[in-house]
Amino acid sequence: MIYHRPIQIEFNHCDPAGIVFFPRFYEMVSSVCENFHRDVGGLSYAQMMAAQQGVPTVRVETDFHAPVRLGQTLLRPHKVRFPCDQCGLQVHDPDAVHCKACGNLLCIPDEGR
């Protein structure tokens, strides 16, 4: 299953230079998780908390490759489906050489390119 939720970068996400202030990305991730559970799972975070249930975040790690600016829209990046032989991770960057989860060497077919 693929869940899409585009996020339009607004002024409140940015520093004075119009670049997203990095802690805001974690707020956006939290928002997508909360909306996913409501839209797909049928339970809002308010309902889960009332039932003393939750979805804990154990570890979060982020690599920032380029700045995101005011007015841009964040979308799910293009990924390819290819199972890692070692850990089973199914989704990778199209140009991936190693699995991000376990470091295993991948041999993703590139359709003759």
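Ordering A50, P83, V32 by Cα displacement along the dipole of the chain toward the positive end leaves A50 in first place; charges were set at the Cβ atoms of Lys, Arg (+1) and Asp, Glu (-1). For the chain, the Cys residues with no second cysteine's beta carbon closer than 4.7 Å are C14, C33, C107. Under the rule a/c < 1.5 gives rounded, and otherwise a/b versus b/c splits prolate from oblate, where does the chain land using the Cα gyration tensor? Cα axes put the chain in the oblate bin. Against the chain, whose longest principal axis is taken from its Cα atoms, helix 23-39 shows a tilt of about 90°.
To the nearest 20 Debye, how big is the dipole of segment 7-76 about its Cα centre, given +1 on the beta carbon of each Lys and Arg and -1 on that of each Asp and Glu?
Using Cβ point charges on Lys, Arg, Asp and Glu, segment 7-76 gives about 80 debye.
Throughout, read-outs are computed from the coordinates displayed, never taken from laboratory work. Predicted model only: the values in this text are computed from it and were never measured. Quick reminder, even Gly has a Cβ in these numbers, built from the backbone with ideal geometry, and neighbours come from all protein chains shown.
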